[in-house]
Amino acid sequence: MPFYHLPVLMQEVLEALQPQKGKLIFDGTLGGGGHSEALLQHGARVVAMDQDEEAIKHASARLKPYGERFCALRGNFRHFPQIIEETGISGFDGMLIDIGVSSHQLDDAARGFSFMRDAPLDMRMDTDAEQTAADIVNTASDEELTRIFFDYGEEQNARRIARAIVKARSSRLITTTMQLAEIVSTASPKRGKRHPATLVFQALRIAVNDELAALRDFLAAAPKWLKPGGRLAVITFHSLEDRIVKQTLAHLAAPQLDRPEWPAPRPNPDHFLTLVTKKPIEASADETALNPRARSARLRVAERLPAAP
Ligand SMILES: C[S@@+](CC[C@H](N)C(=O)[O-])C[C@H]1O[C@@H](n2cnc3c(N)ncnc32)[C@H](O)[C@@H]1O
C-alpha cells in the first residue's frame, strides 16, 4: 500500500492505553490506520472513526485482516455518541484522538490544504461538508478574516492580510491555493524560515473544519463513555489545541470547584477523571529525527475514576 501517514508517539500511546485481548478501544481519528493497527496487534478490539471518506476506505482495506475485531465508521468525532449508540456499544476501555490533518491529506494537492501545491482552495476533511476555504476567503468580512487569522493562526499581520484579501477579491474571486499564497506573501513578506502563508493556511483549515469546537465537544462527551479505569489519550499539534485539552482535563479531574463569590468550595459535578500526565508527553529526539512532524506533538492522558463502591 502507498505511504499514507506515519503515526506519532506510538509507544507512548500504547503505554497509555495498554491494549490487550478483551479491551475495546475507540480511535476517533483513524487516518492511515497506524495507531489502530498497533492497538489491534496487541489484541484489542477497535472501533474507529474518521470524517474523511478516503481515510475510511484506505484504512479499512489495510485493517481487513483483523476481521470483526475492527470496525470503521465515517463521521466527525464531535458526534461520536450518536454514531456509537447505534452500534449498541455503551463504553470503552480506551479512547484516542490524534487531531489535525494526515500527511496524505496534506500531500494530496487536490484537497487544497497546502500552499506548496496549486489546487482549488478547499481544505475540507469531510468532502461532503458545505463550506470550503474559498467560501470563507471570498465571503467573510474584513473583521472576521482578521479574527480567524489572529485567533487560529496567531498571525501578527492578520489585519493587513485580511485587508489585502478583501481588496484582491473585489476584482477577482480567490479560488486557488497559489492565488491566496501570493496575496498573503505580498501583504506580509517572509520573516525567518517559515513560508509567509503558513499561519494563514493553518488558521483557515481550523476554521473550515471547525476544529476547536469539535475538540471541545469530544472532550465534553468522552469521559462518560469510558469504563471505570478506562483511559483517554489526546494528541495535539499546536498550542491552541493543547491549551483546550489541558484546561478541560484539569476541570474534569478537579474534585471541587471554587469561586470568589461562594462561601466554600462545592463538589464538581463533572469530576470524572484523574490525570495520568501532569505535563504533556513529547516525542523523543529519535522520533523527531525520523518524523519532523512529531516535533510539535503533545500527548495528554487521563483515566476515568473507579466505580463508586
Ligand atoms: C493526524 S491524522 C490521524 C492519523 C492516525 N492516528 C494514524 O495512525 O494514521 C488525523 C485524521 O483525523 C481525521 N480527523 C480530524 N478531525 C476529525 C474529526 N473532528 N472527526 C473525525 N475525523 C477527524 C482526519 O480526517 C485525519 O484522517
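The values are calculated or read from the model by the stated rules, or taken from the named source; none is laboratory data. As the structure is a computational prediction, the values presented were derived from the model and not from experiment. Every residue, glycine as well, gets a Cβ built from its backbone with ideal geometry; the counts of neighbours run over all protein chains shown. These area figures cover heavy atoms from the full protein model, side chains too; ligands, DNA and RNA do not enter into them. Shrake-Rupley method; radii C 1.70, N 1.55, O 1.52, S 1.80 Å.
If a/c stays under 1.5 just call it rounded; otherwise compare a/b with b/c (prolate if a/b is bigger, oblate if not). Do that for segment 205-299, with a ≥ b ≥ c from the square roots of the Cα gyration tensor eigenvalues.
It comes out prolate by the Cα gyration axes.
Mind ranking Thr248, Thr236, Thr186 by accessible surface for me, highest first, 1.4 Å probe?
Descending accessible area places them as Thr186, Thr248, Thr236.
Roughly to the nearest percent, how much of the accessible area of the chain is carbon and sulfur, given a 1.4 Å probe?
Here carbon and sulfur together make up 52 percent of the probe-accessible area.
Just check segment 9-49 against the gyration tensor rule for me: Cα atoms, a ≥ b ≥ c as the square roots of the eigenvalues, rounded for a/c under 1.5, and otherwise prolate or oblate depending on whether a/b exceeds b/c.
Taking the square roots of the gyration eigenvalues as a ≥ b ≥ c, segment 9-49 is oblate.
Taking the mean number of other Cβ atoms within 10 Å as a proxy for protection, how do you rank 219-232, 128-141 from highest to lowest?
Result, highest mean first: 219-232, 128-141.
Please calculate how many Å² of accessible area segment 203-309 carries per residue, with a 1.4 Å probe and no DNA, RNA or ligand atoms counted.
Per residue, segment 203-309 has 52 Å² of solvent-accessible surface.
Straight distance only, please: which lysines reach the Cα of Lys190 with their own Cα at less than 30 Å, same-chain residues fewer than 8 apart left out?
Of all the lysines, those that pass the test against Lys190 - Cα under 30 Å, at least 8 places apart if same chain - are Lys167.
What percent of all Cα-Cα pairs in segment 104-160 falls into each 10 Å bin, going from 0 up to the bin containing the maximum distance?
23, 44, 32, 1
Under a plain spin-label model, where a point goes 7 Å from the Cα along Cα-to-Cβ, how far apart in nm are Cys71 and Met178?
Going by the 7 Å Cα→Cβ label model, 4.7 nm.
Determine which lysines satisfy two conditions relative to Lys278: a Cα distance under 20 Å, and not lying fewer than 8 residues away in the same chain.
Excluding near neighbours in sequence, the set is Lys246.
Using per-residue counts of other Cβ atoms within 10 Å, averaged over each peptide, order 51-59, 85-93, 27-35 from highest down.
Final packing ranking: 27-35, 51-59, 85-93.
Expressed in whole Å with the largest first, what are the equivalent ellipsoid semi-axes of the chain derived from the C-alpha gyration tensor as the square root of 5 times each eigenvalue?
Square roots of five times the eigenvalues give 35, 25, 18 Å.
Of all DSSP beta bridges in the chain, what percent run antiparallel (nearest 5)?
Expressed as a percentage, antiparallel bridges in the chain total about 45.
For segment 52-111, what does the convex hull of the Cα positions come to per residue, in cubic angstrom?
111 Å³
Under the definition of Cα pairs under 8 Å and six or more residues apart, what whole-number percent is the relative contact order of segment 102-161?
17 percent
Would you calculate, for the chain, the mean residue ellipticity at 222 nm contributed by helices, counting each DSSP H stretch of 4 or more residues as -39,500 (n - 2.57) and dividing by all residues, to the nearest 500?
Per the formula, -11500 deg cm²/dmol.
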